[in-house]
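Working notes for the structure below.
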Amino acid sequence: MTGRTVLFVDDEAHLRLAAKQTLELAGLDAQVFDGAEAALVHIARDFPGVLVTDIRMAGMDGLALMKQVLEIDPDFPVILVTGHGDVELAVQSLRAGAYDFIEKPFASERLIEAVRRALDKRRLTIENRVLRRQVGRRDAVESRLTGRSAAMDRLRAELRAIAQTDADVLIVGETGTGKEEVARALHRVSNRNEKPFLHINCAALPAELIESELFGHEAGAFPGAIRTRYGKLEHGRGGTVFLDEIDSLPMAVQGKLLDVIHTRSITPLGTSEPVELDVRFVAASKVDLEQAASQGAFRADLMYRIAVTTLRVPPLSERREDIPNLFLHLVDQAAARHKRSTPDVPAAVLAQVAARDWPGNVRELRNAADRYALGLDLNLGPQDSSETAEPSLADRMAGYEKSLISASLTAHGGSIADTYRALGVSRRTLYEKMQKHGLDRADYRDDD
């Protein structure tokens, strides 16, 4: 459709012909129908056009047609064509949702003027809907993948760049970084967001039934297969299949999965008939698949097939400035989950949280937020780092200073005055240190 489409309904042939010629001479795409039912099948919520219909028609009349159209889309512009005695009825119809009415006999200019105004309104309606959906999708990414750091900005940008494609994706990152949240955010902003999101934890599948669980089986395919069973992959049709911990799959199953991803079809056990599979595959691994492939623990061809694009989720150690605000967000979520009021988090607690290493990443931080929301001890004592390579003293001091400033800015909603007083430094010193560490006051303001 062109966005300039007019559906014209009238049971009189000469009026349909005249209207079609008039509209096409004005550069509009006109489709004419001799009855309401024929026109109704073309109506959809985001149809980029308008409807012009006579009121008096055999079968379904124009008012009944208008009612059904407005049930599909209350903002759909409907122009009614009335006889001389129907003006009062048309006025009542305006109150019921009609966009305009034209009285027979009408001049060509009157029809074109009404239609063009209705098309302009329709165009604006659809554009606003698209913008609202885009904003909603951006909000979905921001709400799931929070953080002001450059690392998170980069992750969100990469995710949005591939979201509208059907490219398969490999998500990599340390344990607890939130790979499943990334997969869910990707699905939420994709074209498949109204279809299923299927989370399959490959490590939790029973080894002896893993093929049956994934691909399904026919009755009698093996001892105990009493009835036909659909595999998990079939339940994700039209949507996104998230293969969590794909590195845990046995090599034999990896080979079959490779064929599934390549052909986009599955063959249940006990049959030779393939079943088409319309899904997007997203996989996650806690290990380096390239290294695993080089060691013979993972199929290299499967790795290359699934990793059409790769998203890397940064650990908390690479985005320390995000920790205070992320902790507040997780405390708020925990309080809601446990049906508690959200507790205040003093700047001193945020400073402790920000200064601590979190080897378990977001998962460990979430557990700490749960304890805090429940009023339990956070257990933020000194950490034993003897088994890890320590950064230089200068790096540790700079990181600690940055985390303290970020925590104080978070606690005080971006207020410079409250922050420099709490830290016991001058305004100028605070500004210099913020500039040194790349901290922006605007990122911490409580404008919302």
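Out of all the residues in region 329-347, which are under 23 Å from the mean Cα position of the chain (by Cα) and either over 17 Å from Val141 (Cα atoms) or polar (S, T, N, Q) (or both)? The answer is Asp332, Gln333, Ala334, Ala336, Arg337.
Scanning region 414-434 for residues that are of a type outside the set (A, V, I, L, M), loosely packed, with under 14 Cβ neighbours inside 10 Å and part of a helix (DSSP H, G or I) yields Arg427, Arg428, Thr429, Glu432. Just checking, how many residues over region 227-255 are assigned to a helix (DSSP H, G or I) and touching a helix residue (DSSP H, G or I) at 6+ places or on another chain (Cβ under 7 Å)? Residues meeting the conditions: 7.
Filtering region 253-296 to residues that are at pLDDT 90 or above, small (Gly, Ala, Ser) and over 29 Å from Ala185 (Cβ atoms) leaves Gly255, Ser294, Gly296. For region 8-46, the tally of residues that are in a loop (DSSP other than H, G, I, E, B) and more than 16 Å from Arg117 (Cα to Cα) stands at 11.
Applying a threshold of 9 Å to beta carbon distances and a minimum spacing of six or more residues, or different chains, the list of pairs starting in region 186-212 at a residue that is within 27 Å of Ser248 (Cα to Cα) and not assigned by TED's automatic domain parsing to the domain that holds Ser285 and ending at one that is in a helix (DSSP H, G or I) and β-branched (Val, Ile, Thr) is empty. For beta carbons closer than 8 Å, sequence separation of 6+ or different chains, a first residue in region 329-341 that is small (Gly, Ala, Ser) and a second that is surrounded by 15 or more Cβ atoms within 10 Å (Cβ to Cβ), the qualifying pairs are Ala334/Arg366; Ala334/Ala369; Ala334/Asp370; Ala334/Tyr372; Ala334/Ala373; Ala335/Pro343; Ala335/Ala373; Ser341/Ala335.
The set of residues in region 275-299 being out of contact with any Asp or Glu (no Cβ under 9 Å at 6 or more places or on another chain) and basic (Lys, Arg) consists of Arg299 alone.
Screening the candidates Arg356, Arg320, Arg305, Arg312 for the property of being closer than 18 Å to Ser408 by Cβ and in contact (Cβ under 8 Å) with a residue 60 or more places away in the chain yields one hit, Arg320. Does region 335-346 contain any residue that is surrounded by 19 or more Cβ atoms within 10 Å (Cβ to Cβ) and closer than 21 Å to Leu404 by Cα? So far as region 335-346 goes, yes, one or more of its residues are surrounded by 19 or more Cβ atoms within 10 Å (Cβ to Cβ) and closer than 21 Å to Leu404 by Cα.
Considering (1) surrounded by fewer than 20 Cβ atoms within 10 Å (Cβ to Cβ); (2) of a type outside the set (Lys, Arg); (3) more than 18 Å from Phe242 (Cβ to Cβ), the lone condition that Gly216 does not fulfil carries the number (1). The single residue among Val308, Val313 that is surrounded by 20 or more Cβ atoms within 10 Å (Cβ to Cβ) and either hydroxyl-bearing (Ser, Thr, Tyr) or at pLDDT 90 or above (or both) turns out to be Val313. For region 291-317, a residue qualifies if it is out of contact with any Leu (no Cβ under 9 Å at 6 or more places or on another chain) and closer than 15 Å to Arg356 by Cβ, and the qualifying residues are Pro315, Ser317. Please state which one of Leu302, Leu330, Leu249 is under 27 Å from Asn361 (Cβ atoms), out of contact with any Asp or Glu (no Cβ under 7 Å at 6 or more places or on another chain), crowded, with 20+ Cβ neighbours inside 10 Å and not assigned by TED's automatic domain parsing to the domain that holds Asp166. Going through Leu302, Leu330, Leu249 in turn, just one is under 27 Å from Asn361 (Cβ atoms), out of contact with any Asp or Glu (no Cβ under 7 Å at 6 or more places or on another chain), crowded, with 20+ Cβ neighbours inside 10 Å and not assigned by TED's automatic domain parsing to the domain that holds Asp166: Leu330. For Phe222, the conditions (1) modelled with pLDDT under 90; (2) crowded, with 16+ Cβ neighbours inside 10 Å; (3) assigned by TED's automatic domain parsing to the domain that holds Leu302 are fulfilled apart from (2).
If I filter region 194-213 for residues that are among the polar types (S, T, N, Q), at pLDDT below 80 and touching a Phe, Trp or Tyr at 6+ places or on another chain (Cβ under 9 Å), do I get at least one hit? Yes, because at least one residue in region 194-213 is among the polar types (S, T, N, Q), at pLDDT below 80 and touching a Phe, Trp or Tyr at 6+ places or on another chain (Cβ under 9 Å). Scanning region 385-393 for any residue that is modelled with pLDDT under 85 and part of a helix (DSSP H, G or I) turns up at least one such residue. For Thr5, are the conditions met, namely being among the hydroxyl-bearing types (Ser, Thr, Tyr), within 36 Å of the chain's Cα centre (by Cα) and closer than 18 Å to Arg117 by Cβ? Judged against the criteria, Thr5 is a match. Where residues in region 69-109 are hydrophobic (A, V, I, L, M, F, W, C) and part of a loop (DSSP other than H, G, I, E, B), which of them is surrounded by the most Cβ atoms within 10 Å (Cβ to Cβ)? Restricting to residues being hydrophobic (A, V, I, L, M, F, W, C) and part of a loop (DSSP other than H, G, I, E, B), the top hit is Phe76.
Considering (1) at positive phi; (2) in contact with a Pro (Cβ under 7 Å, 6 or more places away or on another chain), the lone condition that Lys339 does not fulfil carries the number (2).
The values are calculated or read from the model by the stated rules, or taken from the named source; none is laboratory data. All of these numbers come straight from a predicted model, not from anything done at the bench. Here the Cβ is made from the backbone with ideal geometry for all residues, glycine too, and neighbour counts use every protein chain on show.
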